[in-house]
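Read-outs throughout are calculated quantities, based only on the coordinates presented, and are distinct from any laboratory measurement. Quick caveat: nothing in here was measured; it's all calculated off a predicted structure. Using ideal geometry, Cβ is built from the backbone for each residue, glycine included, and neighbour counts are taken over all protein chains shown.
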Amino acid sequence: MESLLTEIDHIAIAVRDIEAAIAWYAEALGARVVHREDVVSDGVSEALIKVGDSYIQLLTPLRDDSTVAAFLERRGEGLHHVGYRVANCAAALAAVKAAGGRVLDDVPRPGSRATTIAFVHPTASFGTLIELVEESSATPATR
Ligand code: CO
C-alpha cells in the first residue's frame, strides 16, 4: 500500500494566550504568523506560523465549551494534535476505518483555509489526535 500521507500539514499547540504565544515565536525564533482564522464551529481561534511547507498551528478556545478549552483544563498547554496532509480526505478516512480505527468525524468536513478535514481518535492511533487535511484549489497559497 502506498502512503496516504503526503506531508505534515501542521503541528497544533493549545495555548491560553495566543497573542503571547505569537509574540514568543516571533521574538525567540523569528517565526511569523501567515494566517489567522476563527473556526467558530469548533470554538477555536488559530494562528498559523509557516515552517518550510508545514505550519505550527497555535490554537486557543473561543468558548468555554470548546474541546480545546477542555483540553487546556485537563492537560494544560502543549501539543494538541498533528495534521497530516492527504490527497483525498474521504479515502484516507475510509482507510482508517477499514483498519479498525476509531474516528471523531464519520465524514469529512470543512476545516480552516478552505481545507477538508477529519479527526482520528487518539485511542486508535497510539495516543495522538490526528487530523487528515486535504487542501483545495481555494486553500490560500502561503507556501
Ligand atoms: Co488542526
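Computed quantities for the displayed model
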quantity: Whole-percent pair-distance distribution, where bins are 10 Å wide, for the alpha carbons of the chain; calculated: 12, 43, 36, 10, 1
quantity: Fraction of antiparallel bridges per DSSP, the chain only, in percent to nearest 5; calculated: 75
quantity: Integer Hz, Karplus 6.51/-1.76/1.60 couplings in order for segment 60-65, x for Gly and Pro; calculated: 9, x, 9, 9, 5, 8
quantity: Stretchable slack from A20 to A95, in nm (0.36 nm times residue separation minus alpha-carbon distance); calculated: 23.1 nm
quantity: Choice from S66, S41, S125 with maximal GNM fluctuation in the chain (Cα, 10 Å cutoff); calculated: S41
quantity: Distance (nanometres) between label positions extended 7 Å along Cα→Cβ at E73 and R36; calculated: 2.7
quantity: Percent RCO, i.e. relative contact order, over segment 94-143, from Cα pairs under 8 Å lying at least 6 residues apart; calculated: 30
quantity: DSSP H segments from the chain that extend 20 Å or more along their own axis, Cα-based, with Kyte-Doolittle mean of 0.0 or above; calculated: none
quantity: Label-zone membership for segment 113-137, site D106, 7 angstrom Cα→C-beta point, backbone N under 16 Å; calculated: 118-121
quantity: Calculated Rg and Dmax of segment 90-143 using C-alpha coordinates, Å; calculated: 11.9, 35
